[in-house]
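First the structure, in the form of structure tokens, and then the observations on it.
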Amino acid sequence: MTQEFDLAASLARGVQNRSGAWAFIQGYTAHWTGASLGSADGWTEADLDAAEERLGLRLPATFREGYLLFGRRRDLTSNHDVLLGPAELYVDEAGEALVFRHENQGAASWGILLDSLQDEDPAVSIRLDLADKSAERWAGWLERLSLSFVEIVLSESLQAGGETCDFLDPDEDTPELLETNCVRLAFPAYLIAEEIRWFLGHDVLLRDDDGGAVLARGRTAEDLERVRDLIPGDWLDDHR
């Protein structure tokens with residue numbers, strides 16, 4: 001699988017349905033992290049059953065499948081923001097959503113609206129932490145939970161640190177250089193605080209946060225060095 005994995009093609013299939021999402025996550029993990037998914041990387045059925053009993057609700061099929069597959073792999077889920085474990089899941093104070101993820105400084109939460117829990121692959125919503133609590137609302141984030149799991153794995157892997165990851169403070173030339181030297185990946189448009197775009201260039205995965213930041217992860221350190229040369233600028237960890 002490692003040598004044959006085509007990230008762009010696999011991602012294009014992975015955004016179509018949840019079986020494609022699981023295949024993408026397995027392939028990406030094996031090819032880009034060096035540690036294929038194993039039986040110990042997911043939570044157990046008993047863990048999820050206990051969460052359902054405690055919460056008094058049924059978890060969607062996609063939720064269970066994702067947590068069983070990779071929910072304990074913190075390098076895929078919790079380098080920056082935090083995927084909650086089964087014992088940490090909760091329903092928000094307003095009784096509107098099942099919360100399963102937190103932004104690392106508490107600036108946002110991700111959840112599934114309770115009236116969508118009966119769906120096999122429900123939509124995911126995001127709620128920003130605002131100074132005016134009365135203005136906080138759950139807003140649409142991604143239309144399917146399987147898409148959200150793919151996004152979580154990709155985004156968190158960019159935050160793993162080490163010699164294969166870096167952060168670029170972009171300048172006015174960066175967007176054109178990204179589009180010239182990289183391929184736009186087939187991931188649906190969505191917002192965090194800004195529009196997110198994904199690119200692949202020479203075995204380097206890049207996330208463009210609407211021109212405010214570019215995060216990069218190379219399959220190897222040499223791949224990352226190559227993209228730094230193609231897209232020069234203020235790279236945080238480029239000490240050459």
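Could you please let me know if ARG127 is at pLDDT below 95 and surrounded by 14 or more Cβ atoms within 10 Å (Cβ to Cβ)? In short, yes.
Right, VAL91: out of contact with any Pro (no Cβ under 8 Å at 6 or more places or on another chain), at pLDDT 95 or above, within 30 Å of HIS31 (Cβ to Cβ) and of a type in the set (A, V, I, L, M) or not? Spelling it out, it is not the case that VAL91 is out of contact with any Pro (no Cβ under 8 Å at 6 or more places or on another chain), at pLDDT 95 or above, within 30 Å of HIS31 (Cβ to Cβ) and of a type in the set (A, V, I, L, M). In summary, ASP81 fulfils each of the numbered conditions (1) surrounded by 14 or more Cβ atoms within 10 Å (Cβ to Cβ); (2) touching a helix residue (DSSP H, G or I) at 6+ places or on another chain (Cβ under 6 Å); (3) within 25 Å of THR164 (Cα to Cα) with the single exception of condition (2).
Among the residues in the stretch 101-116, are any assigned to a helix (DSSP H, G or I), in contact with a Ser or Thr (Cβ under 9 Å, 6 or more places away or on another chain) and either crowded, with 18+ Cβ neighbours inside 10 Å or touching a residue at least 60 places away in the same chain (Cβ under 8 Å) (or both)? No, the stretch 101-116 contains no residue that is assigned to a helix (DSSP H, G or I), in contact with a Ser or Thr (Cβ under 9 Å, 6 or more places away or on another chain) and either crowded, with 18+ Cβ neighbours inside 10 Å or touching a residue at least 60 places away in the same chain (Cβ under 8 Å) (or both). Scanning the stretch 186-237 for residues that are of a type in the set (Ser, Thr, Tyr) and either surrounded by 15 or more Cβ atoms within 10 Å (Cβ to Cβ) or more than 21 Å from the chain's Cα centre (by Cα) (or both) returns a single hit, TYR190.
Quick one: would you say PRO188 is in contact with a strand residue (DSSP E or B) (Cβ under 8 Å, 6 or more places away or on another chain), farther than 22 Å from ALA9 by Cα, in a loop (DSSP other than H, G, I, E, B) and not acidic (Asp, Glu)? For PRO188, the condition - in contact with a strand residue (DSSP E or B) (Cβ under 8 Å, 6 or more places away or on another chain), farther than 22 Å from ALA9 by Cα, in a loop (DSSP other than H, G, I, E, B) and not acidic (Asp, Glu) - is not met.
When restricted to residues that are touching a strand residue (DSSP E or B) at 6+ places or on another chain (Cβ under 9 Å) and either in a loop (DSSP other than H, G, I, E, B) or surrounded by 14 or more Cβ atoms within 10 Å (Cβ to Cβ) (or both), the stretch 157-178 contains 15.
The number of residues in the stretch 17-29 being more than 12 Å from PHE70 (Cβ to Cβ) and part of a helix (DSSP H, G or I) comes to 5. Residue check: ARG58 meets all listed conditions (1) surrounded by fewer than 19 Cβ atoms within 10 Å (Cβ to Cβ); (2) at pLDDT 95 or above; (3) within 30 Å of ARG217 (Cα to Cα) but one, namely (3).
Can you tell me which of THR62, THR44, THR77 is free of Cβ contacts under 8 Å to residues at least 60 places away in the same chain and of a type in the set (Val, Ile, Thr)? Exactly one of THR62, THR44, THR77 is free of Cβ contacts under 8 Å to residues at least 60 places away in the same chain and of a type in the set (Val, Ile, Thr), namely THR44.
Listed here are the residues, each with its yes/no results for (1) outside the structural domain of GLY140 (by TED's automatic domain parsing); (2) basic (Lys, Arg); (3) in contact with a Leu (Cβ under 9 Å, 6 or more places away or on another chain).
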| site | (1), (2), (3) |
| --- | --- |
| PRO188 | yes, no, yes |
| VAL204 | yes, no, yes |
| ARG207 | yes, yes, yes |
| LEU215 | yes, no, yes |
| GLU225 | yes, no, no |
| ILE231 | yes, no, yes |
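Among the residues of the stretch 70-88, those identified as in contact with a strand residue (DSSP E or B) (Cβ under 9 Å, 6 or more places away or on another chain) and either assigned to a helix (DSSP H, G or I) or farther than 22 Å from GLY27 by Cβ (or both) are ARG74, LEU76, THR77, ASP81, VAL82, LEU84, GLU88.
The values are calculated or read from the model by the stated rules, or taken from the named source; none is laboratory data. Remember, predicted model here, so these are calculated numbers, not experimental data. As a convention, Cβ positions derive from the backbone with ideal geometry for all residues, glycine included, and neighbour counts pool all protein chains shown.
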